[in-house]
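To start, the structure under review is shown below, and the notes come after it.
The numbers here are math on the coordinates, done by the rules we state, and not lab data. Here the structure is a predicted model, which means the values were calculated and not measured. With ideal geometry, Cβ positions are generated from the backbone for all residues, glycine too; neighbour counts draw on all protein chains shown.
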Amino acid sequence: MRKIAMVDLAAQYAQLKPEIDQALGQVLASAQFIKGPEVAAFEQELAAWCRVGHVITCANGTDALQIAFMALGLRPGDEVIVPAFCYVAPAEAAALLGLKPVWADVLPDTFALDPAQVERAITPRTRAIVPVHLFGQGAPMEPLLQLAQQHQLWVVEDNAQAIGATLRLGNGHQAAAGTLGHLGITSFFPSKNLGCYGDGGAVFTNHSDLAQKVRLIANHGQAKQYEHTLVGVNSRLDALQAAVLRVKLRHLNYFIEQRQQAAAYYDTHLGPCAQLQVPARAPYSTHVFHQYTLLLRHAPRNELKDFLANRQVPSMVYYPHPLHLQPAYRQVQGQAQNFPVAERLCQQALSLPMHPNLDPEQRTYVVQQILEFLDAY
Ligand SMILES: Cc1ncc(COP(=O)(O)O)c(C=O)c1O
């Protein structure tokens, strides 16, 4: 059996090698490494794939969040509501601009922002909400968009983990995750569902005025060289990464199907286990399984992790600490707060190997080890 990895980028490269090598070779021969036709073509192809008006690439997903907040004109002291159970980037990008990240607890089944908790967190200083489409499944956008409209707030969707997920709205409308808010962002970190061979990110929007501002800010605030109309940053996707992403985008639907098949296998065999909970499927979103995350409700999570490691099965805890308890952010809201769902998820969540190249022998082995461990509980 091939060694099991959380994400097997070597196997994916082996599968795509002729296409990737040719694409990289073309960029090397062109010597056009910054901006240029590869980056422009990738932006257009991704916009068409996601059915969104504009895609503006940048250096990484964290930059994309910062650029999005800047483009919305958020000012120091403005409050931005972010999930307490999440990767640090939305809170970090806000804090770097002097904005105040305000936590809201998440839903216990899908781990996305809980609209009722968001409503409780809104104050006269709130300017934006950041729904994060965690682990590959869309957040409940409809109630979050309604709240935003009611309170005149911006919505920045963090779609770093759910590119390709489809959100279903009550009126029958369907949209790609990341395209419903005023702005959406994504990351092309190598292990993401659409990942490059370094760092990369992008901002999505259907608003032309915002698109123009994002593009300006990502490029030193200049539309023309040496003419700076806004204070900006230097944040670029390079042409080699764009070339890799153009190849991978052509296969993204297939990769998502492969992830969904692996998830269905895990569901079938682990779903009946009373000691754990397999990933819930929200009625308002498809799931593209950036992560396949179990909740160990009645068996010790850390012992399972160690047991699996001894059997050569990697697993990961996303995330071990809720953001409101992180030293850098503990004081952010001025008083200690509890977010019981976020705190519980940090104790119980365990993500299993999940990638398009997980073969039947490997996933069978993963399941066998988990079932053997659970026998004792
Ligand atoms: C939810 C979320 N937002 C933002 C980011 C930041 O992306 P990057 O690592 O490209 O800066 C990540 C990356 O892991 C993420 O998972």
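Overview of values
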{"quantity": "Amide H partners (placed H, <5 Å) of Asn219, local residues excluded", "calculated": "Val233"}
{"quantity": "Estimated FRET transfer efficiency (Ala95, Thr364; beta-carbon r; R0 51 Å; 0.05)", "calculated": "0.70"}
{"quantity": "Anisotropy class of segment 253-293 from Cα gyration tensor, a/c 1.5 cut", "calculated": "oblate"}
{"quantity": "Anchor Lys35: lysines whose Cα lies under 16 Å away (excluding residues fewer than 8 positions away in-chain)", "calculated": "Lys224"}
{"quantity": "Debye log10 I(q)/I(0) at q = 0.14, 0.19, 0.22, 0.23 Å⁻¹ for segment 3-132, Cα point scatterers", "calculated": "-0.86, -1.10, -1.22, -1.26"}
{"quantity": "Segments 351-357, 12-18 sorted - mean Cβ within 10 Å per residue, highest first", "calculated": "351-357, 12-18"}
{"quantity": "Reachable aspartates and glutamates from Lys192, criterion Cα separation under 14 angstrom, eight or more residues apart if same chain", "calculated": "Asp8, Asp158"}
{"quantity": "Integer Hz, Karplus 6.51/-1.76/1.60 couplings in order for segment 289-294, x for Gly and Pro", "calculated": "6, 4, 10, 10, 10, 8"}
{"quantity": "Phi to ³J(HN,Hα) by Karplus 6.51 cos²θ - 1.76 cosθ + 1.60 over segment 360-366, Hz, x for Gly, Pro", "calculated": "x, 5, 5, 5, 4, 5, 4"}
{"quantity": "Segment 201-215 - phi-based ³J(HN,Hα) in whole Hz, Karplus 6.51/-1.76/1.60, Gly and Pro as x", "calculated": "x, 7, 10, 10, 7, 9, 9, 4, 5, 5, 4, 5, 5, 4, 4"}
{"quantity": "Ranked packing of 258-266, 181-189, 303-311, most packed first, by mean Cβ within 10 Å", "calculated": "181-189, 258-266, 303-311"}
{"quantity": "Orientation-averaged projected area, Cα convex hull of segment 162-208 (nm²)", "calculated": "3.6 nm²"}
{"quantity": "Rg and Dmax [Cα atoms of segment 98-161; Å; Rg one decimal, Dmax integer]", "calculated": "11.1, 32"}
{"quantity": "Radius of gyration, Dmax [segment 252-374; alpha carbons; angstrom]", "calculated": "16.0, 51"}
{"quantity": "Label-point separation in nm, Thr123 to Leu28, each point 7 Å along Cα→Cβ", "calculated": "5.5 nm"}
{"quantity": "Part-to-part distance (alpha-carbon centres) for segment 32-100 and segment 336-358, which is given in Å", "calculated": "24 Å"}
{"quantity": "Percentage relative contact order, the chain, counting C-alpha pairs under 8 Å, at least six apart", "calculated": "22 percent"}
{"quantity": "Estimated FRET transfer efficiency when R0 is 22 angstrom, pair His321-Asp109 (beta carbons, to 0.05)", "calculated": "0.55"}
{"quantity": "Separation between Cα centres of segment 246-299 and segment 190-232, rounded to whole Å", "calculated": "31 Å"}
{"quantity": "Helical contribution to [θ] at 222 nm, DSSP H n ≥ 4, -39,500 (n - 2.57), averaged over the chain, rounded to 500", "calculated": "-13000 deg cm²/dmol"}
{"quantity": "Percentage of interatomic Cα-Cα distances in the chain larger than 41 Å", "calculated": "12 percent"}
